[in-house]
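A quick write-up on the structure given underneath.
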Amino acid sequence: MISYFFSGAVTGLAVAMPIGAVGSYLVGLAARERTAIAVAAALGIASVDGAYAILAAIGGTGLQAILSEVSGWLTYAAAITLVVVAVYTMRTAFRRYRGDVGTRTQLSTLTPARAYLSLVGLTAINPATVVTFAAVIVGRSVSEGGSSWPAVALFALGAFVASAAWQLLLAGGGSVLGRLLRTRRGQLRIALCSAFVMLGLAVGLLLS
């Protein structure tokens, strides 16, 4: 049974390790916010990876038909979401940069729960996450005799643990970057770089 866990872990890393829109946003968020928020955001991404691992494991080839129908809508939804998040990131960054201490404190209203839910939503509609899981799983079940619930659970747990470990590593890197650039100008640069990366990825989604 342990092989299912390791299979899920490999799949989770295959999905998590390419740095795309979600990973870029996580690094930028971790550089600007406190550790609890970065950890919650990382676990939000890993939660979706674990949930998609369950769907992929029990969906089999049937998932391919569903993806072909919703892939276009997912792409547009992800691109729009990236643009909205990028604009919000830039707006907040400029307000923090220009504002006084009281304004900056007031703007830091992001809680761990909100960070978790926002990354769940962003990851859930990220086409790269869905397509990668489908590419790994479609055409084969978790076990030769079918997708038993223990096998599916271990597979999903492996995907969650591996994804969480990688996302926490990214969050840690972002936190270190934030400490190195603790000035207001440094924080502004981090936020703008993160926003421009997301805008670029949104354009790439629409042109692909």
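The values are calculated or read from the model by the stated rules, or taken from the named source; none is laboratory data. Since this is a predicted model, take the numbers as computed values, not measurements. Glycine also receives a Cβ, built like all others from the backbone with ideal geometry; neighbour counts cover every protein chain displayed. Heads up: the accessible areas ignore ligands, DNA and RNA and are worked out on the full protein's heavy atoms, side chains in. Shrake-Rupley method; radii C 1.70, N 1.55, O 1.52, S 1.80 Å.
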- Select from the range 1-19 the residues that are more than 18 Å from ALA153 (Cα to Cα) and either in contact with a Pro (Cβ under 9 Å, 6 or more places away or on another chain) or surrounded by fewer than 21 Cβ atoms within 10 Å (Cβ to Cβ) (or both) and list them in ascending order. ALA14, MET17, PRO18, ILE19
- Which of (1) farther than 27 Å from PHE160 by Cα; (2) open to solvent by less than 30 Å² (accessible area, probe 1.4 Å); (3) at pLDDT 85 or above is the odd one out, the single condition THR92 does not satisfy? (3)
- Kindly establish whether VAL87 is modelled with pLDDT under 80 and open to solvent by 50 Å² or more (accessible area, probe 1.4 Å). no
- Query: Looking at (1) of a type in the set (Lys, Arg); (2) at pLDDT 90 or above; (3) more than 19 Å from ILE45 (Cβ to Cβ), can you tell me which one ARG114 breaks?
  - Reply: (3)
- Task: Scan the range 148-173 residue by residue and report those that are open to solvent by 30 Å² or more (accessible area, probe 1.4 Å) and within 28 Å of VAL27 (Cβ to Cβ).
- Result: LEU157, PHE160, VAL161, ALA165, TRP166, LEU168, LEU169, GLY172, GLY173
- Using the structure shown, decide if THR109 is open to solvent by 60 Å² or more (accessible area, probe 1.4 Å), hydroxyl-bearing (Ser, Thr, Tyr), outside any helix (DSSP H, G or I) and modelled with pLDDT under 75. yes
- Of all the residues that make up the range 196-208, how many are within 20 Å of GLY174 (Cβ to Cβ) and either at pLDDT 80 or above or acidic (Asp, Glu) (or both)? 3
- Note on the structure: Reported set for the range 29-49 where residues are buried (at least 24 other Cβ atoms within 10 Å of the Cβ) and either on the phi > 0 side of the Ramachandran plot or more than 12 Å from the chain's Cα centre (by Cα) (or both) is ALA30, ALA31, ARG32
- Matching residues, the range 156-193, being touching a Lys or Arg at 6+ places or on another chain (Cβ under 8 Å) and either aliphatic (A, V, I, L, M) or over 20 Å from LEU119 (Cα atoms) (or both): LEU181, ARG184, GLN187, LEU188, ILE190, ALA191
- Task: Return yes when VAL136 is surrounded by 22 or more Cβ atoms within 10 Å (Cβ to Cβ) and either at pLDDT below 75 or touching a Pro at 6+ places or on another chain (Cβ under 9 Å) (or both) and no when it is not.
- Result: no
- Query: Of all residues in the range 160-183 being closer than 13 Å to GLU33 by Cα and touching a residue at least 12 places away in the same chain (Cβ under 8 Å), which is farthest from the chain's Cα centre (by Cα)?
  - Reply: LEU181
